[in-house]
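Novice: First the structure, then my questions, so here it is.
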Amino acid sequence: MDNKTFFSHYPVRRSDSNKFNNGRVLLIAGSYGMAGACILNIIGARSVGTSYIDVSLPEDIYPIVASNEVTAVYHPDDLSRDEIDLPSLHKAGAVAFGSGITNHPKKEAYLSSVLKEVKVPVIVDAEGLRILARHPEFYHLNPNMILTPHLGEFSALTGLPIEDIEKDRLKIATQFAKEHNIILVLKGPNSLIVNKDGSYIVNDSGNEALARAGSGDVLTGMIAGLCSLYQDPYQAIADAVWLHGHLADEAVKEHSKEIFDLTRYPEYADRFFFQKS
């Protein structure tokens, strides 16, 4: 992958476009003590040019998230009511679930409801993956799931020790994707993107600056954003994973790997997209 290939996939923004036809995502994220993960989801979605970002989050973290990210549309009651009701669910071109939702008391019920109702790509990350590990019956609820585990989360999903996965990462990942009819992003150095049929891409971008808490939350937002813009979810995911790493590769030409600021991703992305124009 390179810049030219990426932009051959990325849709051209029409001169008569509006905020509703340049990507719309719903991010279901955050809980008490985990507001940062929700913020990083939004940063990721903004970094790929998503023009409309809905965020369902608990009311108690709304002031923190909204004061940091002012361009999203917030639904602070969605995860605070007794009944499960997400009015913005059916307006999105892609939905992301799980980043920072760790401390939400009804997280299993919400994930089940989302998977049953949504027809667009659903990116399941972080706590959503841990729920799937406990509830494998959820795989049958939705044919459009995208899972984004790191090795530890993938170990929980498969029941295999990390050292066994590392010995044959590709074989285990392809078997898992085919068995569960999902698209899998196995994160790490040279992340694997595996399609439902077992075809795969080995990502060649990124560096050790991304080995920090929150990097995956940015990636989840980027995947959701591109899935809402592309017709082909697999291509969208491959491009998002590559761009996530590529922006880090470009950023460390001017910034340290040790103090790498994930909140500056929209700035790095702005330079990338400006070069194209």
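Novice: Which lysines have a Cα lying under 30 Å from the Cα of residue 257, excluding residues fewer than 8 positions away in the same chain?
Specialist: Once the sequence-local lysines are set aside, what remains near residue 257 is 4, 167, 187, 276.
Novice: Report the local net charge at residue 22: Lys and Arg +1, Asp and Glu -1, summed over other residues whose C-beta lies under 13 Å from its C-beta.
Specialist: +4
Novice: Also: Under a Cβ-only charge scheme (Lys and Arg +1, Asp and Glu -1), can you give me the dipole magnitude of the chain about the Cα centre, in debye to the nearest 20?
Specialist: I would put it at about 580 debye.
Novice: In whole percent, what relative contact order does the range 126-277 give with Cα contacts below 8 Å and a gap of six or more residues?
Specialist: Dividing the mean separation by the residue count of the range 126-277 yields 16 percent.
Novice: Excluding same-chain residues fewer than 8 positions from residue 116, which aspartates and glutamates have a Cα within less than 14 Å of its Cα?
Specialist: Qualifying aspartates and glutamates at Cα under 14 Å: 85, 108, 137.
Novice: Suppose each label sits 7 Å from its Cα in the direction of the beta carbon; what would the residue 160-residue 258 distance come out to in nanometres?
Specialist: The two pseudo-label positions are separated by 3.7 nm.
Novice: If I take R0 = 35 Å and measure r between the Cβ atoms of residue 151 and residue 275 in this structure, what FRET efficiency does the formula 1/(1 + (r/R0)^6) give, to the nearest 0.05?
Specialist: 0.55
Novice: How big is D for the range 105-230, in µm² s⁻¹ as a whole number, if Stokes-Einstein is applied with the Kirkwood radius of its Cα pairs at 20 °C and 1.002 mPa s?
Specialist: Value of D from the Cα-based Kirkwood radius: 144 µm²/s.
Novice: Shifting gears a bit: Dipole of the chain (Lys/Arg Cβ +1, Asp/Glu Cβ -1, origin at the Cα centre): which of 274, 192, 88 lies farthest to the positive side?
Specialist: Of 274, 192, 88, it is 274.
Novice: What is the P(r) of the chain, as percent of Cα-Cα pairs per 10 Å bin from 0?
Specialist: 7, 32, 38, 20, 3, 0
Novice: Give the peptides 102-110, 143-151 in descending order of average Cβ contacts within 10 Å, highest first.
Specialist: 143-151, 102-110
Novice: Most mobile of 96, 213, 126 per a Gaussian network model of the chain (Cα springs, under 10 Å)?
Specialist: The residue with the greatest mean-square fluctuation here is 213.
Novice: Let me ask something else. Would you compute, from DSSP H runs of 4+ residues alone, the mean residue ellipticity of the chain at 222 nm, taking -39500 (n - 2.57) per run and dividing by the full residue count, rounded to the nearest 500?
Specialist: Taking each H run of at least 4 residues, the total per residue is -12500 deg cm²/dmol.
Novice: Answer rounded, prolate or oblate for the range 1-88, using the Cα gyration tensor with square roots of eigenvalues a ≥ b ≥ c: rounded when a/c is under 1.5, else prolate when a/b is larger than b/c, else oblate.
Specialist: Cα axes put the range 1-88 in the prolate bin.
Novice: Quick one: net charge of residue 101's neighbours, Cβ under 9 Å, K/R +1, D/E -1?
Specialist: 0
Since every read-out is calculated from the coordinates, none of them should be taken as a lab result. Note that the structure is a prediction, hence the values are computed from the model and not measured. Backbone-built Cβ (ideal geometry, glycine too); neighbour counts: all protein chains shown.
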